[in-house]
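Okay, structure first, notes after.
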């Protein structure tokens, strides 16, 4: 156990001391923020305001029973503020998931770099099993993924507080922390599995670029899933991080969405959730939170088992 702790500490220290590692791991997050500031943020705000305008024009709105309406009083003058508040909550949730994925990818890349530079050879001749060595990289990636994700939430909530936005409650914070742990586990195991196919820093760099590009689409940050072709949306829903992102966004926006659509039919939230990919379906059936939990946990365990199998085969070939 002392050896494992020492390896985990070493890997975390090496990663954090290299400013380039931290920068490139955060690059996808920075790109998302830049895109949102330039034009995607306004586009998403316009989508929300468009839904509100369409609902206002719905015939017979005044005759809808109160139990079929969202709680609160409709105030069109607050549409812009509420819509921006809702979109910001969506962005924070997405960035939290994306950051966890890219950081775990960056930390596991240290294993490829150490192998390429023959530093692992020094470990191999020591009385330390390969399982402990690999666990040192995976555990460090898991811990740093959680830390960076939690840091993203804390900094974002400070920003929301300073700008008068929606602040998460204590109960929401606990749910978010639990989901960060689950997402970090699933993402780390998946990134570890992908790393099994890369043996040089250049090949892993290409893999990192590909993952960093695709993660914004998979999590629905660049383009809402409801805006994509149906078959593309179904493919994206097969990725565990898509389910994790949808679950995270639902937690973050559950208060903001009620204020935004106050006084309108409850179907307004259902329509918005489905369009933005917060509600994901398998066929005609909605994927519940329990199903998302099972998907994230089982996928993580599956990729971890596959990675262990590949490492075992590699060990046999190296003899």
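Angle between the Cα long axis of helix 41-56 and the longest principal axis of the chain, 0 to 90 degrees, nearest 10?
30 degrees
Any number yet on Rg/Rh for segment 141-281, C-alpha, Kirkwood?
Details: Rg = 16.9 Å, Rh = 16.8 Å.
Ratio value, two decimals: 1.01.
How far is helix 130-162 tilted, in degrees, relative to the longest principal axis of the Cα atoms in the chain, given as a value from 0 to 90 rounded to the nearest 10?
30 degrees
Pick from 202, 184, 145: which residue has the top mean-square fluctuation in a GNM of the chain where Cα pairs under 10 Å get a spring?
202
Under a GNM of the chain (C-alpha, springs under 10 Å), which listed residue has the highest mean-square fluctuation: 23, 261, 190?
Among 23, 261, 190, the largest mean-square fluctuation in the Gaussian network model of the chain belongs to 23.
Counting pairs of alpha carbon atoms under 8 Å apart in space and at least six apart in sequence, what relative contact order in percent does the chain give? List each step's numbers first, then the result.
Details: 360 pairs, mean separation 89.5, N = 319.
The normalised contact order for the chain reaches 28 percent.
Using only alpha carbon pairs under 8 Å that are at least six residues apart, calculate the relative contact order of segment 178-315 and give it in whole percent. Walk me through the numbers before you get to the answer.
Details: 104 pairs, mean separation 56.8, N = 138.
In percent, rounded to a whole number, it is 41.
Mean projection of the alpha-carbon convex hull of the chain over all orientations, in nm²?
Values: hull surface 73.1 nm².
Mean orientational projected area (the chain, Cα hull): 18.3 nm².
Per DSSP H run of at least 4 residues, take -39500 (n - 2.57); add these up for the chain, divide by its residues and hand me the 222 nm value, nearest 500 deg cm²/dmol.
On the way: 13 runs with 237 residues, N = 319.
Value at 222 nm, helices only, nearest 500: -25000 deg cm²/dmol.
Helix 201-218 against the longest principal axis of the chain: what's the angle in degrees, Cα atoms only, rounded to the nearest 10?
20 degrees
Distance in nm between label sites at residue 275 and residue 290, each 7 Å beyond Cα in the beta-carbon direction?
Those two pseudo-labels are separated by 3.1 nm.
Once the Cβ-Cβ distance between residue 227 and residue 308 is put in as r, and R0 is 30 Å, what FRET efficiency do you end up with, to the nearest 0.05?
Values: r = 39 Å, r/R0 = 1.30.
After rounding to 0.05, the efficiency reads 0.15.
Of the residues 86, 236, 174, which exhibits the maximal mean-square fluctuation in a Gaussian network model of the chain defined by a 10 Å Cα contact cut-off?
174
The numbers here are math on the coordinates, done by the rules we state, and not lab data. Being a predicted model, the structure only gives us computed values, none of them experimental. Quick reminder, even Gly has a Cβ in these numbers, built from the backbone with ideal geometry, and neighbours come from all protein chains shown.
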